[in-house]
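**Student:** Quick one: this structure, given as structure tokens, is what I'll be asking you about.
The values are calculated or read from the model by the stated rules, or taken from the named source; none is laboratory data. The structure displayed is predicted, hence computed values, not measured ones. A quick note on method: Cβ atoms are made from the backbone with ideal geometry, for glycine too, and the neighbour counts reach across all protein chains shown. In case anyone asks, the SASA skips ligands and DNA or RNA and just uses the protein heavy atoms, side chains included. Shrake-Rupley method; radii C 1.70, N 1.55, O 1.52, S 1.80 Å.
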Amino acid sequence: MAARDILDMSGRVALVTGAGTGLGARFCMALAEHGAAVVAVARRADKVESVAADIVKGGGRAIAVSGDVTDSGSIARAFDAAEKAFGTVDAVVANAGIAVPGRAVETSDEDWRRTMATNLDGVFYTAREAAKRLLAAGKPGSIVNIASILGYGVSKGNASYAVSKAAVVQMTQALAIEWAFKGIRVNAIAPGYVITDINRDYLTEGRGREMARDIPVGRFGQEHDLDGALLLLLSEAGSFMTGTTITVDGGHRIGLRGV
Ligand code: NAD
């Protein structure tokens, strides 16, 4: 394959969870632009229909599918729908995630469980479903889990989120070693603070804006800043990479003040 084509995703079927907003929606667009057929998964399909419609309008192939990552049966049905539309899914982005901030002593059982159910169980159910189907079809594939720099460092008031994301980093290694021999690669991206709809107001005004001073490059990430890492890990360009987590954070993690 010519070096200029190594990020090409033509002929690939990509499934992205949590695709209705923020990074997930951006990942869908980036993958479609590089030729993948895209399956955009959200708890309610109507929420992701506009993401799929935009891709189709631009000449790409995409469908919107409902799927709740905390429910393995629901995830299996989303993969069924994907397979029916485009064939075996061979590029997966386990992106759905939530943060329920709060000091540890004030965190309820329910909030702890909800965070783990989404960020940890959800990533596992998605990756496991993808691998089962790839193994059954005898096909290679690539899975990217979305972790966070809070999977490495910690800040006060984020215990459940940080623990769940650290587990995603470890899960990425554990799954990679099981499936590497079968041609299924598992990697992760650990983003720093990236401006999306849910945090735009906070990060661009007042106290939130000051947090940019802790980032060596002096700014927050933009959604498109993750495109390169995503395409690298999912495409032929990353064919010798598995079990790794790429940090994309403008140097935030290595900054003296930490995260
Ligand atoms: P977001 O809230 O816009 O995206 C998360 C998506 O996951 C939402 O669309 C939400 O509806 C979906 N989701 C939540 N629970 C779900 C469930 N049970 N089933 C299916 N979908 C569900 O926020 P984002 O910033 O785009 O975050 C995407 C991922 O990136 C998350 O895993 C997040 O932890 C991670 N991340 C984000 C940042 C950042 O600064 N934006 C930094 C590090 C990591």
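**Student:** So how far apart, in nm, are the two label points at Arg219 and Arg113 if each is 7 Å from Cα heading toward Cβ?
**Tutor:** In this crude label model, Arg219 to Arg113 measures out at 4.4 nm.
**Student:** Just to confirm the number: angle between the C-alpha axis of helix 45-57 and the first principal axis of the chain, 0 to 90 degrees, nearest 10?
**Tutor:** 60 degrees
**Student:** Please arrange Asp68, Asp109 by accessible surface area, largest first, computed with a 1.4 Å probe and ligands excluded.
**Tutor:** If we order Asp68, Asp109 from most to least accessible, we get Asp109, Asp68.
**Student:** Compute the relative contact order of the chain as a whole-number percentage, counting only Cα pairs closer than 8 Å that sit 6 or more residues apart in sequence.
**Tutor:** The value is 18 percent.
**Student:** What aspartates and glutamates could a cross-link reach from Lys47, if we take a straight Cα to Cα line under 14 Å and drop same-chain neighbours fewer than 8 places away?
**Tutor:** Straight-distance partners of Lys47: Asp68.
**Student:** Please report the equivalent ellipsoid semi-axes of the chain, computed as sqrt(5 x eigenvalue) of the Cα gyration tensor, largest first, in whole Å.
**Tutor:** Here the semi-axes work out to 28, 20, 19 Å.
**Student:** Continuing with the same structure: What relative contact order, as a whole-number percentage, does segment 1-50 give when Cα pairs under 8 Å and 6 or more residues apart are counted?
**Tutor:** Relative CO of segment 1-50 lands at 40 percent.
**Student:** When the Cα centres of segment 141-155 and segment 160-201 are compared, how far apart do they sit, in Å?
**Tutor:** Here the answer is 3 Å between Cα centres.
**Student:** In addition: In the full protein assembly as shown, how much of Leu23 is accessible to a 1.4 Å probe, in Å² to the nearest 10?
**Tutor:** Accessible area of Leu23: about 30 Å².
**Student:** Expressed as a whole percentage, what fraction of the accessible surface of segment 35-184 belongs to carbon and sulfur atoms when a 1.4 Å probe is rolled over the protein heavy atoms?
**Tutor:** Carbon and sulfur together cover 53 percent of it.
**Student:** With an 8 Å cut-off on Cα pairs and a minimum separation of 6 or more residues, tell me the relative contact order of segment 1-108 in percent.
**Tutor:** Relative contact order for segment 1-108 comes out at 28 percent.
**Student:** Moving on. Determine the calculated [θ] at 222 nm for the chain from helices alone, applying -39500 (n - 2.57) to every DSSP H run no shorter than 4 residues and normalising by the residue count; nearest 500 deg cm²/dmol.
**Tutor:** The helix-only estimate for the chain comes to -12000 deg cm²/dmol at 222 nm.
**Student:** I've got another one for you. Could you tell me how many cubic angstrom of Cα convex hull volume segment 112-259 has per residue?
**Tutor:** 115 Å³
**Student:** So, in Å, what gap is there between the alpha-carbon centers of segment 1-71 and segment 239-255?
**Tutor:** 23 Å
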